[in-house]
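**Student:** I have a structure here, written as structure tokens, and I will follow up with some questions on it.
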Amino acid sequence: MLTRCVVHARRGVSAYGTFGRRRDGSKLLQQHANKSAVGSGTARTRTLSHAHAPKNTADVSSGVFLGSGALNAGARVEVNAQTLVLGIETSCDDTAAAVVRGDGVVLGEAIASQAAIHGPWGGVVPNLARAAHEEAIDAVVAAALAEAGTTAEALSAVAVTCGPGLSMCLRVGVRKAQKMSAQYCLPIVPVHHVEAHALVARLCAGTEAVTFPFLALLVSGGHNMLITARGVGDYTILGSTLDDALGEAYDKTARLLGLPVGGGGGPALEKLALEGDPTKYKFPVPLRQRKNCDFSYAGLKTAARMAIDADIGGGDGDDVEWDGVDKRQTRADIAASFQAKAVKHLEERLKRAIVWAREDTPDLSCIVVAGGVAANATVRSTLVKIAEDANLPLVFPPPKWCTDNGVMVAWSGCERLALGLAESAVDADLERKHETMDPRDIHCNLLPRWPIGEKDGRATRDNIKSAKTARIADPLRGADGDRNISGSSVRAAGIE
Ligand code: KG4
Ligand code: ZN
């Protein structure tokens with residue numbers, strides 16, 4: 001099976017990198033790119049040397065999160081085709097794992113989606129999510145290893161998302177990683193979920209095409225932000241959402257329209273929108289009066305709800321299942337009008353972020369758009385034009401690596417391992433002691449609220465204030481701010 005990563009190159013030049021793997025795990029690479037447009041993106045077999053290390057490595061390595069201490073006293077590790085990293089992701093509602101080779105070859109991946117479990121509830125229910133992760137985790141990891149044709153003994157390291165996300169869900173993945181680390185004496189790499197969404201673009205388009213610094217737009221169910229990525233662990237937030245993330249707004253509006261959201265509200269709404277007139281409803285483009293890079297989707301969501309109440313009816317619409325026939329055109333028009341303004345907002349913010357980023361980072365290599373909503377075709381085609389106008393390549397991971405997945409975690413693990421941002425194996429004696437304890441009493445350094453970086457000085461004062469007053473961890477550091485925050489407040493707070 002081949003996975004396609006699309007690199008929209010500079011104006012007038014298109015470049016597509018297509019790659020995959022053979023069942024024996026050997027690399028399969030076909031590159032049709034115009035090299036001058038995207039750099040020497042053909043060099044897929046690589047050693048992660050990291051010319052662009054974070055300015056202050058201590059920022060991202062300080063603090064022992066999950067293992068026995070800094071690996072090799074924090075020294076860099078050569079990461080190459082012999083390096084095999086297992087990645088584990090359980091931060092929200094997907095249990096995912098993957099085995100990725102240090103040169104960027106994906107050997108195996110597996111995922112257990114919980115969409116069907118949470119669909120009827122209209123949002124992720126933390127207790128149900130934890131139970132589903134617990135049930136799936138062993139099988140998902142085993143499936144990823146089996147598909148990779150390898151065993152835990154052969155791994156070089158295990159990487160795991162330890163934040164941001166739902167504490168009780170993160171714990172499942174972290175405990176699995178800690179057990180494997182102790183049992184197979186594997187270094188353990190703590191991974192930042194949002195960073196992983198951004199870094200996976202370097203795996204699929206090549207580290208030579210997506211060099212630091214780059215601009216990233218990350219849009220998913222829990223995150224909505226624009227960042228300048230200067231190096232692994234070195235990010236500046238240009239803007240983030242004041243309320244809902246776009247994926248969340250898609251999910252909610254899809255439910256109000258009565259769409260089946262088992263496979264995700266976003267894809268369902270996107271499909272219905274194809275039949276609608278995007279100009280029919282005059283919804284507002286959010287935050288036009290604020291000349292910054294922040295986002296807001298609560299108002300647009302409310303406008304869609306009011307249109308649904310007025311023109312479709314059905315109580316608050318929340319739990320009314322649509323038969324697929326009733327007022328189909330009206331629903332499609334609302335879906336299309338919602339999507340048009342939602343994407344317009346992304347477009348306007350991205351345009352400004354390009355200007356902001358270039359003011360202090362003129363050498364941007366590209367724009368990366370990632371996170372679940374980056375799978376949306378309208379988002380993709382709209383943002384291509386913005387990047388072309390800015391004369392910057394645009395990189396989208398393939399849709400299956402836009403939504404949560406194990407590959408992004410494993411790859412992030414490779415990147416961090418190379419920089420010495422990994423920890424020695426979990427102490428086997430300690431882990432044996434853990435086996436006898438109530439799991440809830442086992443201390444594992446989860447970072448449910450873990451900002452990816454500092455806010456840019458041009459960002460809103462309001463946001464700076466709320467970031468300061470919130471009990472949150474230091475950006476990409478070990479100091480844990482709040483281990484017990486509930487799932488709903490994580491979402492409500494729009495945690496990045
Ligand atoms: O990145 P992701 O898997 O999880 C989080 O980190 O939140 O993103 C999931 C979100 C969901 O809200 C889903 O509705 C949205 O991404 N999404 C989409 C599409 N595919 C997934 N939204 C709009 N259009 C899509 N095609
Ligand atoms: Zn995500």
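Computed from the coordinates by the stated procedures, all read-outs in this text should not be read as laboratory data. All figures in this text were calculated on a predicted structure; none of them were measured in a lab. Cβ atoms come from the backbone with ideal geometry, glycine included; neighbour counts cover every protein chain shown.
**Student:** Please list 275-281, 228-234, 183-189, 194-200 highest first by mean number of surrounding beta-carbon atoms within 10 Å per residue. Before the final figure, lay out each step's value.
**Tutor:** Numbers: 275-281: 16.7, 228-234: 23.3, 183-189: 20.7, 194-200: 28.4.
Highest-to-lowest ranking by the protection proxy: 194-200, 228-234, 183-189, 275-281.
**Student:** In what sequence, highest mean first, do 137-145, 76-84, 208-216 appear when ranked by Cβ atoms within 10 angstrom? Present the calculation step by step, with values, prior to reporting the outcome.
**Tutor:** Details: 137-145: 19.8, 76-84: 18.0, 208-216: 23.4.
For the peptides 137-145, 76-84, 208-216, the packing ranking is 208-216, 137-145, 76-84.
**Student:** Continuing with this model, one more query. Equivalent ellipsoid semi-axes for the range 219-392, as square roots of 5 times the alpha carbon gyration tensor eigenvalues: give them largest first, rounded to whole Å. Please report the intermediate quantities before stating the final value.
**Tutor:** On the way: eigenvalues 197, 42, 41 Å².
Taking √(5λ) for each eigenvalue gives 31, 14, 14 Å, largest first.
**Student:** Still on this structure: Compute, for the range 219-392, the length of the dipole vector about the Cα centre, with Cβ point charges of +1 (Lys, Arg) and -1 (Asp, Glu) only. Units Debye, rounded to 20.
**Tutor:** 500 debye
**Student:** Set the Förster radius R0 to 41 Å, insert the Cβ-Cβ distance between LYS291 and ARG432 as r into 1/(1 + (r/R0)^6), and round the FRET efficiency to 0.05. All intermediate terms of the calculation are to be shown ahead of the outcome.
**Tutor:** Numbers: r = 58 Å, r/R0 = 1.41.
With R0 = 41 Å, the Cβ-Cβ based efficiency is 0.10.
**Student:** Moving to a separate point now. Out of residues 5 or more away from ASP93 or on other chains, whose amide H comes under 5 Å of its own, with H placed 1.01 Å from N in the peptide plane?
**Tutor:** When sequence neighbours closer than 5 places are left aside, there are no close amide H contacts.
**Student:** Using the structure shown, list the pairs from LYS179/LYS400; LYS176/LYS301; LYS301/LYS327 with a Cα-Cα distance above 31 Å, or answer none.
**Tutor:** On the way: LYS179/LYS400 28 Å; LYS176/LYS301 38 Å; LYS301/LYS327 20 Å.
In this structure, LYS176/LYS301 lie more than 31 Å apart at Cα.
**Student:** Order the peptides 390-400, 238-248 from the highest to the lowest mean number of other Cβ atoms within 10 Å of their residues. List each step's numbers first, then the result.
**Tutor:** Working: 390-400: 21.1, 238-248: 24.5.
Answer by packing, highest mean first, reads 238-248, 390-400.
**Student:** Let me spell out the model: positive unit charges on the Cβ of Lys and Arg, negative unit charges on the Cβ of Asp and Glu, origin at the Cα centre of the range 197-264. What dipole size does that give, in debye rounded to 20? Write out the running numbers ahead of the final one.
**Tutor:** On the way: 4 positive and 6 negative charges, 17 e Å.
The calculated dipole for the range 197-264 is roughly 80 debye.
**Student:** Can you sort LEU155, LEU350 from fewest to most other Cβ atoms within 10 Å of each residue's own Cβ? Walk me through the numbers on the way to the answer.
**Tutor:** Working: LEU155 20, LEU350 23.
Taking fewest neighbouring Cβ atoms as first place, the list is LEU155, LEU350.
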